[in-house]
Structures are given as structure tokens and as C-alpha cells.
Amino acid sequence: IMNNPLLLSISNPVKLLKPSTIPYGRSRNTTTNKKHQHQSRTLVVNSNTRSRTTLTSCSLSVVRGRNNNGGGGFAETKVGRRDQGNAVLLCAVGYWVQGSRCFPWLALNFHMSHCLNLKPSTLQLVQYTAILPMVAKPLYGVLSDVLYIGGARRVPYISIGVLLQGLAWGSLAIFPGSREALPSLLGLALLSNLGASIAEVAQDALVAEYGLRYQMNGLQSYALMASAVGGILGNLLGGYCLLKTPPRILFLAFTAILSLQLTVSLSSREESFGLPRIRETSLKKQFTDLMGVIQGDEVSQPLTWIIASIAMVPPLSGSVFCYQTQVLNLDPWVIGMSKVIGQLMLLCLTVVYDRYLKKTLPMRPLVHIVQLLYALSLLFDYILVKQINVTFGISNKAFVLCFSSVAEILAQFKILPFSVLLANMCPGGCEGSITSFLASALCLSSIVSGFAGVGMANAIGVTCNNYANLPAGILMQSLTAMLPLWFIHYVPMSENGVEREGKRALSKRSRRSRRVGRVVGQEIFAYRRERDAEAQT
């Protein structure tokens, strides 16, 4: 089950990284401003152009914009290392807590399996039903893009999301009836994921906006690293604590962690992070802009592939979990440690990707290799259920510790290149909308695949007392994971390939769709060309 605020308030709100438009008749002030720009290394444009910002050599960012009265005066704000450090702290804590959500969910899974005695299909049904609020992430993203709360549009949403999570897990910890009845437990799980989805949307938008603003490509890799660290600590402590304490203590401990995150977010001042204030617009226009972006082939094709690659594979996670705990009698420490080893693998893969793979290996071959390894790694569950590992002298505990989480980690890592790709293509003001749409689509595909897995488990007759047909189900799961390789051409070879494909795709659509797609698509590529040019200088 899966899990951003930077604004600088300027007098004349403009769109993030929008290319400046020079009027037909230039004035002498333009030439003067260009000379001043070259000398100070800080971009300054006249009152008829849109304002932009670059970092100066002393790590201060000077942002200038027109006053509301339309005059030539500018409001100027300096953003230093301390303010940027506050933004980094907010994001780091947020993604660390996001990764730590495995801590209470591990306890909740054991509670449902051992205390409520849910059968495998019901357990998996509850798991995937609980993530339904994450399907509505595009709505949260659009609201975060266009609706300001107290003059900010990222930090307040993070605070609201954290507060909702705290209410849900705190209720499960304090009120016994809430965790003993399945309807109330499911309701609080839905509330927890509602809060998590709102906070995640704001965090993802913040990372995308911050990366575009300061030309820091690949910030999503560092976000995934922070999440992996949280997952390591969460699974390690969760597996150990379940041996000593009941699940409600873990719920209470995670509520305390959420209180820490809420304190950090409430103490953060969004206007000090150095991002321009975007012109407020209507929800209808924001949705129109969002649809214009995702309808282009340069976005829709890779998005279609990653969604289909998840939705086509029916997972049997609930059945495998019950088999490990009820048939093999593996204790929570072993399950937790297997997740820890998996998160360590994810952390290492993310570092290797950020340092080497994204620079040396094109995107399509990388995704092809990861998908193939994912399909093969699903067979580790087949080996465990058939006890082939025992035949070779490998105990069940050792095998689960080393190989149980490989498939799960590869599935998470596969999403990273697509997250970086779409984040780099976000037009100004649409960061929350684009990133939340990706997250929502991934959640929806996970729900579809999860329900398909429940149906397959029931069809082959997997129950708490009968796991005879589970190996056949695992083989079918591995074969379906091979199917996305047939249309791997939907994945671009590289980001430069995306730009070329986007230009060709514009001529294939109808006149009306082309009109929308051209405006938004050209805007995206203009941003990327401008950022590349500024990075070279």
C-alpha cells in the first residue's frame, strides 16, 4: 500500500517557468535590463515580461515581479540556505513518514489475520479497498494547484493530510471497538489513506515544483530514498515490536510519529521557500489544462504502459501472506526483516539509478529489464510454496528473508523512471495535477489488479485450509507479468525521444484535440528547452 510546499508570494502572480513573451516594440529598457542581467547573473525583465528567477552565486534567490497596480516597481525577496533547508526538512520528514506507513500496516495485517481470523481473499479485499481514496488524487492535486489556504497551497494540505491520518490511527489505538469490528476498521483505514493521499499529493507537487524552479533534475530519486529509509526502520521496528507488544501499541506509536510531522509542517512558512505565486484559476480550466497535457502521445503512451503493466498482473499477496504465517508459522520478525531487506535493496537501486542508470542506460531498455526481472521474481513464491528451497537445504526463514520482497521492490522501482519523466514535463502551475494524476492512475490500476487477484484466488479454490492450487495461481501471475513486454514500444527511449514523438503526435489528432494539445505540449517543451539552456550557461 503506497504513500509539497514552495511558494514565493510576488506582487504579480505568474506561471512557473513560463517563457517570457517580448512585445513587438522593444524599449531601450529591455537592452539595459539585458546588460544588467549579464552582470548580476540574476534574470531581470521589464514590466511587460513574465518574471523568472535563478540562483545567484551566493546561494540567494532574488525574485522580482510587478506590483498589483501595474507600475514598474518590483517586490524583491531573498531566499537563503536556511529557508531552503526548511523546505528540505519538510519534504524529507514527509517522505520518511510516508515510507514508515508500513509500520502500522504490518501490525494491522497481523491483527486482521490472527485476531479477526480473516480468510486470505477477504484480507486482500480489505487491503485494496482501503486504498480507494487514493484514486481521487487528481482532485486533491487540482485543489492544491488552484486553491490557496491562508496564502499557501502546499503546506496546508500536508497538515490536513497528516491530521486525518493521526485521527484514524489514534482511534484504532484508543478505542477497542474500532479495531474489533471489520466495518469500523475498514472505515478508519479509508480515513487514514485519505489523509495519506492528500499529504502525498502536496509533497509530490512540492518536489516537482522545487525541481523545476531550481533546475534540480531527478529529485524524485531522493524522495524515494527517504521513503525507503522510512520503510527500513518501519519494518524493522514493526517486526520486532509485534513480538513484544499488541498491535494497538504500534498504532499509538505511529500516531506519535504523525504528531512530529504535523509539528514540522505547521512550523513551516511556505512563502519563505522561494517559489513564485501562481495566478489563481478556476477548477474547470485546471482540469482542461490537465487533460490537454495527458492527451498528448508523449505523455499518454508511457502512462498507458505503466498503468497496464500493473493492472494486468493479478497479485496473490493476501494468500501468500496467510500461507507464510498460518502454514509455515513464520513470526512477525521474519516478515518484518524480509521487508527491511527489500527496502535496503530499493534504496540501493535508487542510488544506482540516480548516479549511473539514468545517465548511461536509455529508459526503454531499463524498463524492459526491470519488467522481465519482476516477472521472474514472482516465481520465488512458487519455489516457497512447493518447498523447492528445502530440497536444496535452504530453510523457509532464510528464503523468505532473502527473496520474499524482491518482486515487490522491483514493482516499486519500476515506477521511478516514469515519475521523473512526468515531473520534468510538468508545466508551471500544474505540478500537483500531473503528479497526482500519475499516483491516482497507479492506485486505480493496483485496485483493479488486486480485485482480479481476489477473483483468481477464489476461482482456483485457495482458502485458509487449502493452498493446493496456489502454485498454479503464482505461475499464471508470472505469465501475465510478461504481457506488458509486447507493447514496450510505448515507453520512450529517452526524454529527447519524448519531445520528438510529441511533435509528430500533434499531426495525428483531430483539429480540436490538436488545438489543445499543441498549446500545452509546446509549452512543456519550451520549458524544457529553456531549462536546458539556462543549465548550460
| task | Would you mind telling me which numbered condition in (1) open to solvent by 10 Å² or more (accessible area, probe 1.4 Å); (2) at pLDDT 85 or above; (3) farther than 28 Å from S440 by Cα P332 fails? | result | (2)
| query | Do you know which residues across the stretch 355-367 are buried (at least 19 other Cβ atoms within 10 Å of the Cβ) and modelled with pLDDT under 85? | reply | K358
| said: Residues to consider are K339, K397; find the one that is under 24 Å from S100 (Cα atoms), at pLDDT 90 or above and in a helix (DSSP H, G or I). | reply: K397
| message | Residue under question is L475, and the condition is that it be closer than 27 Å to H368 by Cα, over 23 Å from the mean Cα position of the chain (by Cα), in a helix (DSSP H, G or I) and aliphatic (A, V, I, L, M); does it hold? | response | yes
| field | Those residues of the stretch 304-319 which are in a helix (DSSP H, G or I), surrounded by 18 or more Cβ atoms within 10 Å (Cβ to Cβ) and modelled with pLDDT of 90 or more, in sequence order | value | W305, I306, I307, S309, I310, A311
| field | Residue satisfying condition, being in contact with a helix residue (DSSP H, G or I) (Cβ under 8 Å, 6 or more places away or on another chain), buried (at least 24 other Cβ atoms within 10 Å of the Cβ) and of a type outside the set (S, T, N, Q), within set L172, L237 | value | L172
| task | Scan the stretch 277-303 residue by residue and report those that are more than 30 Å from A152 (Cα to Cα), among the small types (G, A, S) and assigned to a helix (DSSP H, G or I). | result | S300
| task | List the number of the failed condition for F254; all other conditions in (1) open to solvent by 60 Å² or more (accessible area, probe 1.4 Å); (2) touching a Phe, Trp or Tyr at 6+ places or on another chain (Cβ under 8 Å) hold. | result | (1)
| query | Does any residue of the stretch 403-417 turn out to be at pLDDT below 95, open to solvent by less than 20 Å² (accessible area, probe 1.4 Å) and outside any helix (DSSP H, G or I)? | reply | yes
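For every residue, the table says whether it meets (1) more than 30 Å from V126 (Cβ to Cβ); (2) not aromatic (F, W, Y).
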residue	(1), (2)
Q387	no, yes
F403	no, no
P417	yes, yes
L421	yes, yes
C430	yes, yes
| task | Would you check if L206 is part of a helix (DSSP H, G or I) and under 19 Å from G94 (Cα atoms)? | result | yes
| query | Among all residue pairs at least 6 apart or on different chains, which show Cβ distances below 7 Å where the first residue, located in the stretch 238-262, is over 18 Å from S171 (Cβ atoms) and part of a loop (DSSP other than H, G, I, E, B) and the second is open to solvent by 60 Å² or more (accessible area, probe 1.4 Å) and small (G, A, S)? | reply | none
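The values are calculated or read from the model by the stated rules, or taken from the named source; none is laboratory data. These numbers come from a predicted model, not from an experiment. In this analysis, Cβ positions are derived from the backbone assuming ideal geometry, glycine residues included, and neighbour counts consider all displayed protein chains. The protein model used for the area step is the full one, side chains on, heavy atoms only, and it has no ligands, DNA or RNA in it. Shrake-Rupley method; radii C 1.70, N 1.55, O 1.52, S 1.80 Å.
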